[in-house]
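Presented below is the structure to which this report refers.
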Amino acid sequence: MLSVKSLGKSYDKLRVLNDINLEINTKDVVALIGPSGSGKSTLLKCLNFLEPYDQGEVFFNGELVGYSSADGARRKLASQAQVNRMRTRMGMVFQNFNLFPHMTLLQNVMEGPVQVLKKSRDEARQTAEAILKRVGLGDKLDVRPTRLSGGQQQRAAIARSLAMKPQLMLFDEPTSALDPELVNEVLAVMGDLARDGMTMVIVTHEMSFAREVAGRVVFMEGGYVVEEGPPEQIFTSPTNARTQSFLSRVLR
């Protein structure tokens, strides 16, 4: 589904991603872990071109993301319409919830299907109600986000992305802005999605969640992929000394 080849990204003279190569297949759940500043969130945003990359390629279902050709330095940016079309198939959940505060949860979840997918309001409402029920918010349809806890707002943000019927879900540290007691309710929803076969790439500091839910764990540092493999291998017998050092601190 997603192929990342020799990906690089710089901000002026600061190189933040270096020669990243990843393959994401349908139903894969991949956790990106590593210290702050290692490039995890930047990589995630390059996948759907929220951050333009300046080296390598990202292909989604065989189509180049963000550019109209892969001709090295001479390639041209794709049209905004093309980028937007690809983004409709990649759901994105951020650290902060980014819900519309003047809308109810139902209206928030309906907005994308009506405005972007051109669904009828009746169809969008049926979909929104079903998805909000799925994430445990079926009794909050007419409530505005400011009346909800952080965990409820993040679950609503997940529902909003799911309403677009994406093929791939990207999560950028979705629990980092939550109080500790609210983290598990969001992780439970994400775990259910994984078990239902949703393809997911997750930037997370929740090591136990990565170990239990991910099929593959990617450790990053300094803009490089240092090590990747099945959770049991990464968490119990990492081969790279830097991975070992990082996990020895965060798993205490």
If you count, for each residue, the other Cβ atoms within 10 Å and average over each peptide, how do 183-194, 12-23 line up from highest to lowest?
183-194, 12-23
Which order do you get for VAL226, VAL58 if you rank them by accessible area with a 1.4 Å probe, largest at the top?
VAL226, VAL58
Kindly rank 78-87, 1-10 from highest to lowest mean number of other beta carbons found within 10 Å of each residue.
1-10, 78-87
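Please report, in debye to the nearest 20, how large the charge dipole of segment 39-188 is about its Cα centre when each Lys and Arg carries +1 at its beta carbon and each Asp and Glu carries -1 there.
So the dipole magnitude of segment 39-188 works out to roughly 480 debye.
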Heavy-atom accessible area per residue of the chain, all protein chains kept, 1.4 Å probe, expressed in Å², is 47 Å²
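Can you tell me the mean projection area, over all orientations, of the convex hull of the chain's alpha carbons? Units nm², please.
That works out to 14.0 nm², a quarter of the Cα hull's surface.
Carbon and sulfur atoms: what percent of the 1.4 Å accessible area of segment 182-252 do they account for? Working shown, then result.
Details: 1570 of 3210 Å².
Ligands and nucleic acids excluded, carbon and sulfur give 49 percent.
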Charge dipole magnitude, Cβ of K and R +1, D and E -1 - the chain, Cα centre, debye nearest 20
580 debye
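Contact order normalised by length for the chain, with contacts defined as Cα pairs under 8 Å and 6 or more residues apart; what percent is it? Mind dumping the intermediate values first?
Values: 456 pairs, mean separation 64.4, N = 252.
For the chain, the relative contact order is 26 percent.
The values are calculated or read from the model by the stated rules, or taken from the named source; none is laboratory data. It should be emphasised that the depicted structure is a prediction, and the values quoted were computed from it without experimental measurement. In this analysis, Cβ positions are derived from the backbone assuming ideal geometry, glycine residues included, and neighbour counts consider all displayed protein chains. In case anyone asks, the SASA skips ligands and DNA or RNA and just uses the protein heavy atoms, side chains included. Shrake-Rupley method; radii C 1.70, N 1.55, O 1.52, S 1.80 Å.
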